[in-house]
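Only one structure is covered here, and it is reproduced in the block below.
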Amino acid sequence: MSLNSIFQYFVPKDKKIFFPLFEQASNNVVVMATSLVDAVNSTNAGTREELYKHIDKLENKGDEITHQIYLELGKNFITPFDREDIHALATAIDDVADNIQGAANRMLLYRIDDLNEHIRKLSELILQASLDLEKAIRELKDIRNVRAIADSCIRINSVENQADYVFDRAVADLFLYETDAIRLIKYKEIYAALETATDRCEDAANVMESILVKNA
Amino acid sequence: MSLNSIFQYFVPKDKKIFFPLFEQASNNVVVMATSLVDAVNSTNAGTREELYKHIDKLENKGDEITHQIYLELGKNFITPFDREDIHALATAIDDVADNIQGAANRMLLYRIDDLNEHIRKLSELILQASLDLEKAIRELKDIRNVRAIADSCIRINSVENQADYVFDRAVADLFLYETDAIRLIKYKEIYAALETATDRCEDAANVMESILVKNA
Amino acid sequence: MSLNSIFQYFVPKDKKIFFPLFEQASNNVVVMATSLVDAVNSTNAGTREELYKHIDKLENKGDEITHQIYLELGKNFITPFDREDIHALATAIDDVADNIQGAANRMLLYRIDDLNEHIRKLSELILQASLDLEKAIRELKDIRNVRAIADSCIRINSVENQADYVFDRAVADLFLYETDAIRLIKYKEIYAALETATDRCEDAANVMESILVKNA
């Protein structure tokens, strides 16, 4: 029996603090991913630029939510899950947001006008993974929803595998067909940021799986 | 006296679960490193491709072992060492495997036919560090083998220093002699993945040293 | 009440071990950052080379201090702050040193003679953040200095934001004006190492903020 388990008989686990913050953080990532998909499917450079700047603002908002979770973690001795899991989950969600913003910022900075199929596919996969992340986090309030949470985590893992595959093909294409080294560098960085966003979704899913195992 | 120390009088530390998993994980890395050395020393492109694909399959196997360690860590309140050390050791070994696979995958993807001296030397160093890693982990079952474990860790640190030196020279060579920027990018990434594999061996050695200190 | 709080009534928190080590580590970073600023403001290639090599030696010294902190952490059950915070703070300071050395080493290796305004500005920001880091750590001995520590952390965050801005402009400039892909790669790596040094200062500041919250 863990210390957490011992203490739960004395002090009610304060779910009221952490769950709303996690829901805000994951919902913010969904809005960012939706803006990204909209941007890379838009043919209007002005619209894309607006969306990239919107993503940048949302990332700042996400930073504040993450900071709030860390602060609460410092203040609350009793947490609904292991402190290290709360910290790791908050960090993983923050890293998803960072990488979405990183990709958007590079597309803006490098003045990328040729949004190709690889970029669109990777953005779509990020949105899928973000939606499952949001869903799993909503279910996490009631740990009895094991099946639903586990299913979301499995789907996130599958999306991450697809993103790996798309990334490898995209990079192979670059090295086969792109003769301009500077363009190659730009695209490679954008692909990498997009693919890393799905990696961080998988990190979040792994933390949630570990929470399920501990609280089974 | 740590909580771990208090509990060890009541519950036998379950070494039967974690040690075989760590041995499997480190043995898997040795097989991967051996395949890598074979590949970069082969003059036959078909043989190299087969070995790269074999490394890819072994990396998946390693992922499953790591996942198993994480699952057991979730289930077992009593662990032979601090939970954070078990987690860090499993992660470090997994990262060695990831970087060996990453280097192999890039050599396959970028169709690298010119396996130079730097690549062969770095691969050889990865194999050396992996063998010492496997040795140290086998000794870890009996913490009285302090001397043998510490010696392996010292050798891993020395190999990592050598790899740093080879990497710096390899990159300096690239920037001095390679005029094709795209080739430069390809080789630089391969060198970096190889060098990082030895860094992660050092991370594993650092965790083992910290286990020795705590259990001295 | 945390375990730490319970135990502090029985065993005096041993500040004598950790604080001098943290002060040495942060002071070492200040000396490294000062040498970096001197180097990138020098017009003499020989002077620069000497300073880069000096930075390399200081980084080794920093490694030893970090190793010492980890060793003490293994030995001491009672620590002045949460063990994870001591570990995270030591790692963040070590990472600042690594990135200063990484930037210096690349400038040496790539034979960079054209030290531009972006490099000088980023180096200056690293020195500013290092000085605040050293200040905050000196204050940390007496947790009642909350205001002074918090102020240093806020200034470090502000420096990191400025460094982000300089980095983004520097990279945008590269992609706009640099037509030699290999030169572009060299400068981009140097900018990235410099910017990452300020990120790691921010990591250290975040750990200190979290220590303040827990001990408020």
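Spin-label model, residue B:68/residue A:150: points 7 Å from Cα along the beta carbon direction are separated by 1.9 nm. Of the residues B:78, C:149, the one with the fewest other Cβ atoms within 10 Å heads the list, and the complete ranking is B:78, C:149.
A protection proxy built from the mean count of other Cβ atoms within 10 Å ranks the segments B:50-60, C:123-133, most packed first, as C:123-133, B:50-60. Once all Cα-Cα distances of segment A:71-188 are split into 5 Å bins that start at 0, what whole-number percent is in each one? Bin by bin from 0 Å, the calculated values are 2, 9, 15, 18, 16, 12, 10, 8, 5, 3, 1, 0.
List, in the order given, every pair from B:121/B:188; A:16/A:141; B:188/C:186; A:186/B:186; B:75/B:135; A:141/A:214 whose Cα-Cα distance in the structure shown is over 18 Å. Please list the in-between numbers first.
On the way: B:121/B:188 15 Å; A:16/A:141 9 Å; B:188/C:186 12 Å; A:186/B:186 15 Å; B:75/B:135 27 Å; A:141/A:214 15 Å.
Pairs exceeding 18 Å: B:75/B:135.
When the P(r) of chain A is calculated, the portion above 27 Å amounts to 35% of the C-alpha pairs.
Computed over all pairs of different Cα atoms, the Kirkwood value for the hydrodynamic radius of the protein assembly as shown is 26.1 Å. Within the set of other residues whose C-beta is less than 13 Å from the C-beta of residue B:74, count the net charge using Lys and Arg as +1 and Asp and Glu as -1. Taking every Cβ under 13 Å from that of residue B:74, the sum is -2.
Ellipticity at 222 nm from helices only: DSSP H runs of n ≥ 4 in chain C, each -39500 (n - 2.57), divided by the residue count, give -29500 deg cm²/dmol. Sorted ascending by nearby beta carbons within 10 Å, beginning with the fewest, B:61, B:214 become B:61, B:214. Quick check: the angle from helix C:15-40's long axis to the longest principal axis of chain C, C-alpha only, nearest 10 degrees? Rounded to the nearest ten degrees, it is 10. Which one, A:67, A:192, A:32, projects farthest toward the positive side of the charge dipole computed for chain A from Cβ point charges (K/R +1, D/E -1)? Going by the Cα projections, it comes out as A:67.
All of the numbers you see were taken from the coordinates with simple rules; none came from a lab. Just so it is clear, the model here is predicted, and its values are computed rather than measured. Reconstructed Cβ throughout: ideal geometry from the backbone, glycine too, with neighbour counts over all protein chains shown.
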